[in-house]
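As structure tokens, the structure follows; a few thoughts come after it.
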Amino acid sequence: MFSRTVLSSCKRASKACLFRRLATEASAAPEVAQVDAALSKKTTRPNLHTGVILNRSPIITRTPTAFEKAYYAYQSRIHRALHNPFPYDFYFKQGSPLEARFDIEERRRERKAFGAPFGMQTGETSEAEKLAEATMRDEEEAMPRVHEADINSDFKNLHRRGQRNLYLLLQKQENGMAVWKFPQGSVDRGELLHHAATRGLEVECGNNMDTWIVSRNPIGVFHPPSPASRGGAEEDVVFFYKAHIMAGQVRPNRTHAQDFAWLTKGEIKTRVDEDYWLGIKDMLSDF
């Protein structure tokens, strides 16, 4: 009796498991079909490109603001008021031109820190002081902070806008229109991205520059909008790399670019289209 009961319960359990498995397969069939359909649609691979954001770092310090100038002048006055007298008689021979030169420079610093009558000369001028003044007049003057390239609006000169970061842009022809973009090239099959970036920069800009790509990792990715004629069949992806120019100048390949310019971030915004600007603006320095 007991064996019959066990056998009937096993038959009922096997039937329930079979029905449950059939129900699970039936419910999972639509999900599997959706995944297969999505995979079948995504058969095209994106076209990979690498772009180089070539940077010329600032070559002079920034002009201090009015607050910074007042702060530095205040600190200079405190420093000169509290510092110990300099033992110049230990370092300079008495009555020598070097001692006279130091006295002249010290009076100038005193007058600049505290104003007149501090640092004014008293008594007659010695022969050593006259000789030192003549020597100082013949010395080279400091270069102006505004370069000739800024006055002439020479966008190809690397000495322009010395206080700002400059970036290289190339003018190219796309769909019959002149557009400004960073140096860019395609990626060959099996090629590493940073190798493609180095090769593309040399192809478009020549080998007359000494450049340094900062890292093997890109600093940003840009997805250009696909033209309507392509119907969205293939997607372009551009990986941007940061680089610095150490020496030399651009000699663009005329088959790839017609012109070039070294521009600040604000100047780049006025030359590129809106989609390109929104994709690259966060990769650039604000100053």
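The values are calculated or read from the model by the stated rules, or taken from the named source; none is laboratory data. None of these values were measured; they are calculated from a predicted model. Cβ coordinates were reconstructed from backbone atoms using ideal geometry, including for glycine residues, and neighbour counts include every protein chain displayed. With ligands, DNA and RNA removed, areas are computed over all heavy atoms of the protein, side chains included. Shrake-Rupley method; radii C 1.70, N 1.55, O 1.52, S 1.80 Å.
The numbered conditions (1) closer than 18 Å to M177 by Cα; (2) open to solvent by 20 Å² or more (accessible area, probe 1.4 Å) are all true for D282 except (1). Here is the figure for segment 62-97: residues that are open to solvent by 100 Å² or more (accessible area, probe 1.4 Å) and within 17 Å of R145 (Cβ to Cβ) total 3. Within segment 165-206, the residues that satisfy the criterion of being assigned to a loop (DSSP other than H, G, I, E, B) and either under 14 Å from L54 (Cα atoms) or of a type in the set (G, A, S) (or both) are N165, G176, F182, P183, G190, G206. Here Q173 fulfils each of the conditions (1) over 22 Å from the mean Cα position of the chain (by Cα); (2) closer than 21 Å to L278 by Cβ apart from (2).
Give the residue, chosen from V238, V250, V203, that is among the β-branched types (V, I, T), surrounded by 12 or more Cβ atoms within 10 Å (Cβ to Cβ) and over 24 Å from S57 (Cβ atoms). The conditions single out V203.
Checked against the criterion of being at pLDDT 80 or above and in a loop (DSSP other than H, G, I, E, B), the candidates R145, R109 yield just one match: R145.
For Y167, the test of being open to solvent by less than 30 Å² (accessible area, probe 1.4 Å), among the aromatic types (F, W, Y) and under 22 Å from E274 (Cβ atoms) is passed. Of all residues in segment 207-231 being touching a strand residue (DSSP E or B) at 6+ places or on another chain (Cβ under 9 Å) and not in a loop (DSSP other than H, G, I, E, B), which is most open to solvent (accessible area, probe 1.4 Å)? If we take residues in segment 207-231 being touching a strand residue (DSSP E or B) at 6+ places or on another chain (Cβ under 9 Å) and not in a loop (DSSP other than H, G, I, E, B), then W212 is most open to solvent (accessible area, probe 1.4 Å).
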